[in-house]
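Following: one structure in structure tokens, then a few remarks.
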Amino acid sequence: MGNIFSRVFGTQQERNIKKLIPLVNKINGLEKKTSKLSDKVLQRKMDEFRGRVKPLGVEIGQLEKEMLELPEIEKEGAKIDLQEKARQLDELLYDILPEAFAIVREAAKRAIGLRHYDEQLIGGIVLHQGKIAEMANGEGKTLAATLSACLNALSGKGVHVVTVNDYLARRDRDWMGPVYEFLGFSVGVIQNQMNSADRRQSYGCDITYGTNNEFGFDYLRDNMAVSVKEQVQRGFNYTIVDEVDSILIDEARTPLIISGRAEKTTDLYSKIDRIVPRLKRGTEEDRVKRGIQEDKDEDCDYKINEKDHTVALTQRGIDKAEQLLGVKDLYQPDPRWGTVLATHINQAIRAHEFYESDRDYLVKEGENGKEIVIIDEFTGRLMPGRRWSDGLHQAVEAKEGVAIRNENQTMATITLQNYFRMYNKLSGMTGTAITEEDEFKKIYNLEVAVIPTHRPAIREELSDRVYQTEKAKFEAVIKEIKDLYKKERPILVGTRSVERSEHLSKMLREKGIPHTVLNAKYHEREAQIVAQAGHRRAVTIATNMAGRGTDIKLEEGVEELGGLFVIGTERHESRRIDNQLRGRSGRQGAPGTAQFYVSLQDELMRIFGSERIGSIMERLKIPQDQPIEHSLVTKALERAQRQVERRNFDIRKQLLEYDDVMNKQREVIYQERRRILEGKSLKGVVLEMIEDAIEQLISSSVDDKIRPEDWDTKSLSKRINQVFPINLSYYSLEGVHKHEEIKNIIFEKVEEVYAKKEARLSEELMRELERRILLHTLDSEWKDHLYSMDSLKEGIGLRGYGQRDPLIEYKKEAYDMFEDLIGGLKEEVSKLIFRVEIAKEPFLERVLVGEPQVPQLILGGINQRGGNNNLSQVQKKIPTHRRSESKVGRNNPCPCGSGKKYKYCCGRKQ
């Protein structure tokens, strides 16, 4: 029924695009008139639009700023006012859209010699609507983005255009910059090596290009700044995300993290790595091969799940590991190492079972000897300086016998999912998004619109050829390449790993076929290799060619030969990546061919069920070198890919559910931090914290359920005097029978001491002291809290064995820990405000901020140090506060066994 409806009325996508045609016709109707206007008149027209839109943008910005200062009870009303103003802005922009787009189109013709096609106008409208525009490879996404960017930049609140690497950000800014500048817009770019002043200037532009990593890390760094002057960003108005599927889907599992060095020793990783080879592995597949109906724990030490990349120790494995390590319980914090050893054993096993050299990483010579360099799963590029988190990178280092570097402690973190959800309006563009339509809608509330191509696509997509063995598959691929080479057709061969690409390269060399290899080992020659991939007889082997942001242009005469022939040597776990590889041929209506060669031994088929197809091939007695091309095979492949896509979506969704807990806490802390940075007087904030700290201290010593005569006022006065220098005698509290009265007596004395200190220092110095103490304490407590949250998340999955939902447990404990953070913050501020004295400015800096150290940047649990890898450059003077405890962390469980944190138990006595 649905198919009949679609044939008669068109698909939902086609109907949505059809609704935009009248708007496109209106823009086209203005083209002739606009083309006759002089440059100055065009610019004046855009200035008129700016004059109408900008005041509303300024008003919205002011409302947003005021809302931060409002108490929670008043925020709802302010939010309604803000939504009304935003609606008015949307209506105004929609009214001027046809004329504004016509002017931008004319400006592009005059500034860079390019004219927006109707399809690009549709793309621009879709982007302005806050949707994803799916535009095929070579259809001009970069030019289409200028329409929406100019329209939304009129408000003066800034537009961010996000790309996947520094090269593309700079290229697009230089390429499209003349269009923006012709119309009076300022345009900037954020680059890896930029200093703060240049970043601030770029963010101050109407339109700013940069990578998702740069934007995200700048947000985190801004929330570590010790003054407003150090901050570089100016809010989150509107963003256009290029390669949106790569950034919001593929990289969504990987949080951005700024970290400092932790105190854990690296000896543990080597010790655990030595015991892994002595543990026996077991899997479902092994059981089938051995013909065992029922597997017992005693048959193996650990079991692996290849689908989920997880490891589980059996009871036999637990006993053996405890014996080899000389410990009593793997699942309790070990006093020698200060950590749960089971987690480290799991990571060591994962390093051996799931992470392969030349596929997931390379062992390369670095500045300080050999090091592990990660290979990007989706692009095949090397990612120097980035590291896996949670001890996995150290486990791989131990496995490969290279120097093991210290773990890192999180200082600031956010997922890309939550970063991009901060924008008032989010849009994106890519060649492949429709397969992930549900995820975009559920996670980001983004709709996908498939934009028609300017010229009909004539690429030939041949059926998959499925072989029983990998050997037979590769032999068939070589034969196909040889035949095509004789016909002089250019060939692009896509592989999934460095190892596979080099294996294929070796086979081609043996056949005497000249070719070039583009993988993580030769990424420096990327531009040169891609530039020649469309030439006659060019054979290019590329690891995960998808998502490189480059077009393969055909040499003259190649179209007559049939265009570029794309051969995929293995199905990727995502249909989207396969579609990107196919999309390298047949760009802009040119001819081309794409075909995948698959074997039943490929990872996707092996893990997600090739038994049925294998048994059919065996029953039909199909020779190993003969392929099968059948709808059953294609359906099985697609079913396997959908399984993986669902699993990966569940992982990303779960990550978001966990990060949403942290996100709410982060919003509270960062909002409070902004208030501290921007507030003129913080005296009221400090006194309120002091009052709350007094309340906490009273509540811990005075129980309303018992008679006032039995209250332990002696203990209370002792604790009060430890925090406040008021020399409170417990005699002064005798005879006081009300909780509130005790608080008033103490607070009056504290206020008196506070006033004396202010008189001695001067109001100006006291206000500065308040600000610095608040910032220092907030940052220190937040850093400790992140450390505790990391530890909590590390072991929370084990709660599932006790029939408890790990997410619910995580939410409960995270809430309790956040309450502890707030309580600890108030008490620490109350102590420091009286104890810190100002002698000289350098002394104040040292007391409040601590010795400076350089935090490291981690992307997606991947350590990042900057450099030429298109990732954020760490700023070398971000001040941090070092934890003073050497043996027991303040947020670690107290060694006394109470179950409380050290800082709220025995640590109070220190």
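A short reminder: the numbers here are calculations on the coordinates, not readings from a lab. Owing to the predicted nature of the structure, the values given are computational and were not obtained by experimental measurement. Here Cβ is always computed from backbone atoms with ideal geometry, including for glycine, and neighbour counts include all displayed protein chains.
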Self-check item: Residues 175, 711, sorted so that the one with the fewest Cβ neighbours within 10 Å comes first
Solution: 175, 711
Quiz item: If we sort 686-699, 418-431, 643-656 on the protection proxy, mean other Cβ atoms within 10 Å, highest first, what's the order?
Solution: 418-431, 686-699, 643-656
Quiz item: For the cross-link pairs 303/328; 19/307; 399/793; 307/441; 399/441; 79/793, which exceed 32 Å when the distance is taken from alpha carbon to alpha carbon?
Solution: 19/307; 399/441; 79/793
Quiz item: Using the beta-carbon distance between residue 274 and residue 328 and R0 = 22 Å, what value does 1/(1 + (r/R0)^6) give for FRET efficiency, to the nearest 0.05?
Solution: 0.65
Quiz prompt | Other-chain or far-sequence residues with amide H under 5 Å of residue 411's (modelled H) | solution = 258, 259, 260
Quiz item: Expressed as a whole number of Å, what is the distance separating the alpha-carbon centroids of segment 565-609 and segment 235-260?
Solution: 26
Exercise. Once you've got the Cα coordinates, tell me which of 157/664; 664/718; 271/653; 45/425; 664/826 are over 27 Å apart.
Key: 664/718; 271/653
Quiz item: Once you charge only the Cβ atoms, +1 for Lys and Arg and -1 for Asp and Glu, what is the size of the charge dipole of segment 1-100 about its Cα centre, to the nearest 20 debye?
Solution: 960
Self-check item: Cross-link reach list, lysines versus residue 506, counting only Cα pairs under 16 Å and skipping chain neighbours closer than eight places
Solution: 471, 473, 479, 482, 521
Quiz item: Order of 44-55, 472-483 by packing, highest average Cβ count within 10 Å first?
Solution: 472-483, 44-55
Quiz prompt | Contour excess over end-to-end distance, with Cα ends at residue 657 and residue 603 and 0.36 nm allotted per residue | solution = 16.5 nm
Exercise. Could you work out how far the C-alpha centroid of segment 653-708 sits from that of segment 496-518, in angstrom?
Key: 60
Practice problem: Using θ = phi - 60° and the Karplus relation 6.51 cos²θ - 1.76 cosθ + 1.60, list the HN-Hα couplings for segment 309-314 in order, rounded to whole Hz, with x at every Gly or Pro. | Solution: 6, 10, 10, 9, 6, 7
Practice problem: Tell me which residues come under 5 Å, amide H to amide H, from residue 241 once H is placed; ignore anything under 5 positions away on its chain. | Solution: 162, 427, 428, 429
Quiz item: Hey, what do the phi angles of segment 21-38 turn into as Karplus ³J(HN,Hα) couplings, whole Hz, using 6.51/-1.76/1.60 and θ = phi - 60°, x for Gly and Pro?
Solution: 4, x, 5, 5, 4, 5, 5, 4, x, 8, 5, 4, 5, 5, 5, 8, 6, 6
Quiz item: In terms of the Cα gyration tensor, with a ≥ b ≥ c the square roots of its eigenvalues, is segment 363-424 rounded because a/c is under 1.5, prolate because a/b exceeds b/c, or oblate?
Solution: prolate
Quiz item: So what is the relative contact order for segment 93-157, in percent, with contacts set as C-alpha pairs under 8 Å and at least six apart?
Solution: 37
Exercise. Give the long-range amide H neighbours of residue 460: residues separated by 5 or more places, or on another chain, with amide H under 5 Å away, using H modelled in the peptide plane at 1.01 Å from N.
Key: 592, 593, 594
Quiz prompt | Relative contact order %, segment 679-838, counting alpha carbon pairs below 8 Å whose residues are six or more apart | solution = 32
Practice problem: Normalising by the residue count of segment 437-543, find the relative contact order in percent from Cα pairs under 8 Å and 6+ residues apart. | Solution: 28
Practice problem: Take each of the peptides 74-83, 341-350, 495-504, average the number of other beta-carbon atoms within 10 Å over its residues, and list them starting from the highest. | Solution: 341-350, 495-504, 74-83
Practice problem: Would you list which aspartates and glutamates come within 19 Å of residue 756, measuring only between C-alpha atoms, while excluding same-chain residues fewer than 8 positions from it? | Solution: 688, 691, 748, 764, 768, 770, 837
